[in-house]
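Everything on this sheet refers to the single structure shown next.
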Amino acid sequence: MRYISNVNKTLPLTRLPGTMTTHLIRVFVYGTLKPGEINYQQYCSLYPIHTQPAIAQGRLFQLSLGYPAMIPGDGRVQGVILSFEDPQLLSTLDDLEDYHPHRLPEENEYQRQQILVCTPSEQPLGNVWAYFMTLEKIQLLGGVEIPEGNWGTQGNCSKF
């Protein structure tokens, strides 16, 4: 299947003539699901995904488990928007992030919610899904704030 799309126009995805228009599911990722990180290859590389660097408002923490967590806040978290068609991928990501919408929030590791994101040059990109952890869980997991808001597998800032 071929697609016609523009980096700045990810919704809706316009297909070739004679096919339907489909709305993309967009998720802001800031850790192991970013391209080049360990879970991107396993969970996202088989789907027709568009990626775009993005910034979200929040605070980012390195957990003792080796991956990051984000909470709401006044800082800037650097990440990537993954855009895809298949709603099953969102369910798969929910499982990975230990988020189940019908459980009590304290029973989930992360909470999924819509947030507003922008480009690195601060141009609005609209609302996307993102996974947040509570500050209490971050503290229980030995979280250390990453003031730069950019996580990489080596504990340093990764590039887009």
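The values are calculated or read from the model by the stated rules, or taken from the named source; none is laboratory data. Since the structure is predicted, the reported quantities are computational estimates derived from the model, not experimental observations. Every residue, glycine as well, gets a Cβ built from its backbone with ideal geometry; the counts of neighbours run over all protein chains shown. In case anyone asks, the SASA skips ligands and DNA or RNA and just uses the protein heavy atoms, side chains included. Shrake-Rupley method; radii C 1.70, N 1.55, O 1.52, S 1.80 Å.
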(message) Out of Glu109, Glu122, I need the residue that is in a loop (DSSP other than H, G, I, E, B), at pLDDT 95 or above and more than 19 Å from His23 (Cβ to Cβ). Which one?
(response) Glu109
(request) Mind telling me which of the residues Leu135, Leu63 ends up being farther than 17 Å from Lys34 by Cα and in contact with a strand residue (DSSP E or B) (Cβ under 6 Å, 6 or more places away or on another chain)? (result) Leu135
(message) Step by step: first the residues of segment 70-104, then only those that are of a type in the set (Ser, Thr, Tyr) and surrounded by 18 or more Cβ atoms within 10 Å (Cβ to Cβ), then the one that is modelled with the highest pLDDT. Which residue is that?
(response) Tyr99
(message) What are the pairs with Cβ atoms under 9 angstrom where one residue, in segment 67-81, is closer than 16 Å to Leu96 by Cβ and in a strand (DSSP E or B) and the other, located anywhere, is among the basic types (Lys, Arg) and open to solvent by 20 Å² or more (accessible area, probe 1.4 Å)? Sequence gap at least six, or different chains.
(response) Ala69/Lys137; Met70/Arg59
(request) Determine whether Gly152 is surrounded by 13 or more Cβ atoms within 10 Å (Cβ to Cβ) and out of contact with any Leu (no Cβ under 6 Å at 6 or more places or on another chain). (result) yes
(request) Would you tally the residues in segment 31-60 being under 25 Å from Ile138 (Cβ atoms) and either open to solvent by less than 20 Å² (accessible area, probe 1.4 Å) or over 10 Å from the mean Cα position of the chain (by Cα) (or both)? (result) 20
(message) Looking only at segment 53-66, count every residue that is farther than 14 Å from Ala130 by Cβ and part of a strand (DSSP E or B) and tell me the total.
(response) 3
(request) Return yes or no: is Asp94 in contact with a strand residue (DSSP E or B) (Cβ under 8 Å, 6 or more places away or on another chain), in contact (Cβ under 8 Å) with a residue 12 or more places away in the chain and outside any strand (DSSP E or B)? (result) yes
